[in-house]
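Shown next, in structure tokens, is the structure this report addresses.
The numbers here are math on the coordinates, done by the rules we state, and not lab data. Please read all numbers here as calculations on a predicted model, not as lab measurements. Heads up, the Cβs are rebuilt from the backbone with ideal geometry, glycines too, and the neighbour counts pull from every protein chain shown.
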């Protein structure tokens, strides 16, 4: 699943990611594309808090890219 949050500011990218994660089963992945620099820290906290795996992040150029794997049954 891909989430396009380019041009959106906090908290919208995280809200869109949270909604996407609710639609996934454990082990499935979502790709998030964003341009808000605060998204990097938000994604780190989101994954840590909910127990999801941040498999990859590319934040050297826009759009920023994050690959997150859903874990467990937490939403």
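Before moving on, here are some points about what is shown:
- From helices alone, the chain scores -10000 deg cm²/dmol at 222 nm; the rule is -39500 (n - 2.57) for each run of n ≥ 4 DSSP H residues, then divide by the residue total.
- Of the residues 43, 68, the one with the fewest other Cβ atoms within 10 Å heads the list, and the complete ranking is 43, 68.
- Across the chain, the relative contact order, built from alpha-carbon pairs under 8 Å that are at least six residues apart, equals 35 percent.
- With N counted as the residues of the chain, its alpha-carbon radius of gyration over 2.2 N^0.38 Å works out to 0.97.
- Extension gain, residue 62-residue 38: 0.36 nm per intervening residue step, less the Cα-Cα distance, totals 7.4 nm.
- Residues 60, 38, ranked from the fewest to the most other C-beta atoms within 10 Å, line up as 60, 38.
- Fully extended contour minus Cα-Cα distance, from residue 71 to residue 49, at 0.36 nm per residue: 6.8 nm
- Ranked 16, 1, criterion: other C-beta atoms within 10 Å, fewest first: 1, 16
- Between 0 and 90°, nearest 10: helix 39-50 axis offset from the chain longest Cα axis: 10 degrees
- Rounded to the nearest 10 degrees, the inclination of helix 12-23 to the longest alpha-carbon principal axis of the chain is 20 degrees.
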